[in-house]
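Taken together, the values in this text are just the output of simple stated rules run on the coordinates, not laboratory data. Computed from a prediction, not measured in an experiment: that's the story for all the values here. Glycine also receives a Cβ, built like all others from the backbone with ideal geometry; neighbour counts cover every protein chain displayed.
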Amino acid sequence: MTSPSHSSAVFDPAWLDDLADGCRRLPGSHPRFEDLFLERRLEIRVAAGSEVASCRVDGGAARWRFPSRWAIHAATGVSSSAVAELVSRYADRLELPPSPPPAVDLNPPPGWVDWAREIAERTADHNTVIRFLTRRAVVVRRDSWRQVTSPPLVRLESRNIGSTALLAVWGHPRLGDWIRAVFEPPPARGWSPSPGLQTPVIFTEGTAGALLHELVGHLVEGDLIANGRSPLAGLGGANLTEAAIDLTDDPRRTDLPGAFDCDDEGISAKAVTLMRGGRLCGLLCDRETAEVCEVAPGRGRRADWRHPPVPRLSNLVIPAGSASPAAMEADLSHGIVVTRLSGATVDPVSSRTVLRVERGFEIRNGRRRRPLAPLELTGGVTEILAAIDPDVGDDPSPDWRLGWCVKDGLPLPTGSEAPTLMVRRLEVL
């Protein structure tokens, strides 16, 4: 029996050993017991002039596999009786000893509440809300269990600025700089280019990570590839861009919000190379789609215990190139430079992506001129990839603005770090 020891365990290891031993006796044929997922979550909310609100929830879900379908049964609470009820749905009643209190309770770091109160009071006119988010989970399979850990996150929201203005790992050395950037006032008068304008666009200050999140990261998730809904389906090995980009999805980057040590199906975290030298070479799969796509699993992620794991990306990382971002701008006679995005979407059916630009500048004769008013840019997925300029910036930067990724209505934290990139042509909506 494999029972890893963790200093931050929130479930008693001896109790988990008994649970895994009991799961060994569950049916191995149809319906076949697949796994049991147990989770504890903590969210603390701080706003100016309000009481600190704390929400602690826990629950579990058991999955069973039938010949032509999956079944998932979930319940709130992780008591021995609740867990026994879940795993006994299609089997004899499992008897478990009473579960002891958590080995380690989920709590914010010392001083976090005071820090959040100070930020909320200082930015009270922005209706700022600051949240601390953390979770611990365990995946129990037949004969074994694995704990799932991920870094604690800080989420900052402002009604006066827009939804979810920041998501970052708590303790990141640049967190203070990012919070100050959130509250920088927008330009008093922004320039709006004409709809339909086809223009070169430079993505800087980490925004290229959000671009490739939509163009590649989402579209190599195993469910979209397996059912043929991704415009990248069937393009394995194809050269997608002239830029010699190496693109990796790496959940081991604990400084980025999408980090985890093993996925929600109990598979150890490993980096997956999605593009090498601009060629598509990797997919992101959970256990189910890995069988179809014939690749290794490791990206089965759950929005919470009530939902089954599905293929989701974690942290997209693009290493530095050799080009100077300043030189990239200086070489452009007319175009746009994007310094902040407020959102991005991709439609796998139409193969169109939309990027919502929050901040940026017009470039004319190699110099930044008028600041941009908020606008949207669009283009086809493969066309945008083909239009990425070969010059890649030497300035990889994390994107702190867009960390909360929504797929099929379910949010998950993700991260990215990318250097400056230029797309030679995008359309203004």
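Label point of residue 75 set 7 angstrom out along Cα-Cβ; within the stretch 306-334, amide nitrogens under 19 Å from it belong to 306-308. Computed over the stretch 198-428, relative contact order equals 30 percent, with contacts defined as Cα pairs under 8 Å that lie 6+ residues apart. For residue 349 and residue 198, a Förster radius of 30 Å and the Cβ-Cβ distance give a FRET efficiency of 0.80, rounded to the nearest 0.05.
Taking 0.36 nm per residue of separation and subtracting the current Cα-Cα distance, fully stretching the chain between residue 170 and residue 273 would add 34.4 nm. Here's how it looks for residue 425: its modeled amide H is under 5 Å from those of 201, which are all 5 or more places away or on a different chain.
When the helix-only estimate is applied to the chain (DSSP H runs of n ≥ 4, each -39,500 (n - 2.57), divided by the residue count), what is the mean residue ellipticity at 222 nm, nearest 500 deg cm²/dmol?
Working: 9 runs with 69 residues, N = 429.
Result for the chain: -4000 deg cm²/dmol, rounded to the nearest 500.
Residues whose amide H comes within less than 5 Å of that of residue 358, counting only those at least five positions distant or on another chain, are 340, 341, 342 (H built at 1.01 Å from N in the peptide plane). Taking label positions 7 Å along the Cα-Cβ direction at both residue 424 and residue 326, the computed distance is 2.7 nm, reported to one decimal.
Counting neighbouring beta carbons within 10 Å and listing from fewest to most, the residues 260, 37 come out as 260, 37. Annotation: average projected area of the stretch 266-322 is 4.8 square nanometres, based on the convex hull of Cα atoms across all directions.
In debye to the nearest 20, how big a dipole does the chain give about its Cα centre with +1 on each Lys and Arg Cβ and -1 on each Asp and Glu Cβ?
On the way: 50 positive and 55 negative charges, 120 e Å.
Once rounded to the nearest 20, the dipole reads 580 debye.
Note on residue 127 and residue 373: the model spin-label points, each 7 Å out from Cα along the C-beta direction, lie 2.3 nm apart.
Scanning the chain for GluC sites (Glu not before Pro) in DSSP loops with at most 11 other Cβ atoms within 10 Å, what's the longest stretch left with none?
Working: sites that count: 51, 95, 294.
The segment 96-293 is the longest one with no such site.
Every Cα-Cα pair in the stretch 266-368 was counted, and those over 22 Å apart are 56% of them. Taking every C-alpha pair closer than 8 Å and separated by at least 6 residues, the mean separation divided by the residue count of the chain gives a relative contact order of 17 percent.
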